[in-house]
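A quick write-up on the structure given underneath.
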Amino acid sequence: MAGQDQKASPSAPITTVRLQNIAQSYGQSAALMAAVEIGAFTAISNGAGTYAEVARAVDIHPTNAERLMVMLCAAGLLEKSGERHVNAPDVERFLVAGKPGYMGPWITFTKPQWNEWGRLAEHLRTKDLKVMGSIETFTVADARRYHAATFSIGLGAGRRFVRQVDLAGRRKIMDIGGGSGAYCIAAAKEHAGLRAVVLDLPVVCEVARQFIAEHGVADRVEARACNFTRDPFPTDCDVAIMASNLPMYGREMIASVIEKTHDALLPGGEMHLIGEMTDNQRTGPWGPAYWGLGQAVSDSLGLAHSEADVVGYFEAAGFRDVRLHDFIAGSLSRVVGTKA
């Protein structure tokens, strides 16, 4: 986050710069989202390098192009040599429309919550918290927008999972709160004999079925309506996945879902929980802390769970050989356990 490198050293005076930069860092978020929305990064990738060239390419005033690009440079999103700009390597890879791995929809995904984050103090005073928060009232339109964004990064995460985890010889996956079905799609494409079921709310399943069909695996991957906070799980699976919904639920609920998963798995089955986990001191990283605090905006009981918390849930549920792995360093961890 802007300003985090402004901490005073023992010999430096204490100033207000770090605090000001953090307080105004919404401007950095806004610049990133706006650059995606107007196609600035795509224009730069296509050769527009100066303020004037970008202004022409995306049809904005040259002064506004300059304002935006100065901020993007300050945020490390653009690199400048002389009067010309190029995208930073991660921007070039993930934020140029039309390239494989484009994740523009995910960058703007949280924008509708902007005003509610501005009311965070009010949300923090709310004591009537819900198990599922605002997601329980999702419509099909909400689910379609939500998972259009999550699928833009979810399929890459699913492919990473398939590279990290040996699924050879496994028969069937249940993906708990599987959303778009990205993990199951990736697994089914890699392993021709593998079947899978995506368990999620009815409106989400409607959207998941579209993604599953578009990727040609509808003969082996189904989406089944299931509120995993209260509905039973299938008992014919030897792999369970729960990915990227960890902070949305409180400790008791996550522990109960893991226990229910253990009981439903076939003997020798594995559960993989991939989620935004803090370190054991609960002091970071930033991403898990952000997603945990964001549950206040939804008035849910969710929070940031630590890696030790999740390992403990697995062990209490009866899983054996519980192990912790980095999934994406600084962002996601993966905990795996085996049913005896």
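Here is how the numbers come out for the structure above:
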| item | result |
| --- | --- |
| Residue-span extension gain [Trp286 to Ile14] - 0.36 nm each, minus C-alpha spacing | 95.6 nm |
| For the chain, share of DSSP beta bridges that run antiparallel, in % to the nearest 5 | 45 |
| Acute angle (nearest 10 degrees) that the helix 307-317 long axis makes with the longest principal axis of the chain, alpha-carbon atoms | 10 |
| Positive-end residue of Gly318, Gln24, Phe41, charge dipole of the chain with Cβ unit charges | Phe41 |
| Built amide H within the under 5 Å cut-off of Ala88, gap 5+ | Leu78, Glu79 |
| GNM top mover of Val58, Val239, Val203 - the chain, alpha-carbon springs below 10 Å | Val58 |
| Helix 62-74 vs. the chain, principal-axis angle (Cα, 0 to 90°, nearest 10) | 60 |
| All aspartates and glutamates inside 16 Å of Lys172 as judged from Cα atoms, apart from same-chain residues fewer than 8 positions distant | Glu190, Asp219, Glu222, Asp236, Asp238, Asp263, Glu270 |
| Two-site FRET efficiency, Ala74 against Leu266, from Cβ-Cβ distance with R₀ of 41 Å, rounded to 0.05 | 0.15 |
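Rule-based calculations on the coordinates, nothing more; no lab input. Source: prediction; values computed, not measured. Every residue, glycine among them, receives a Cβ derived from its backbone with ideal geometry; neighbour counts consider all protein chains shown.
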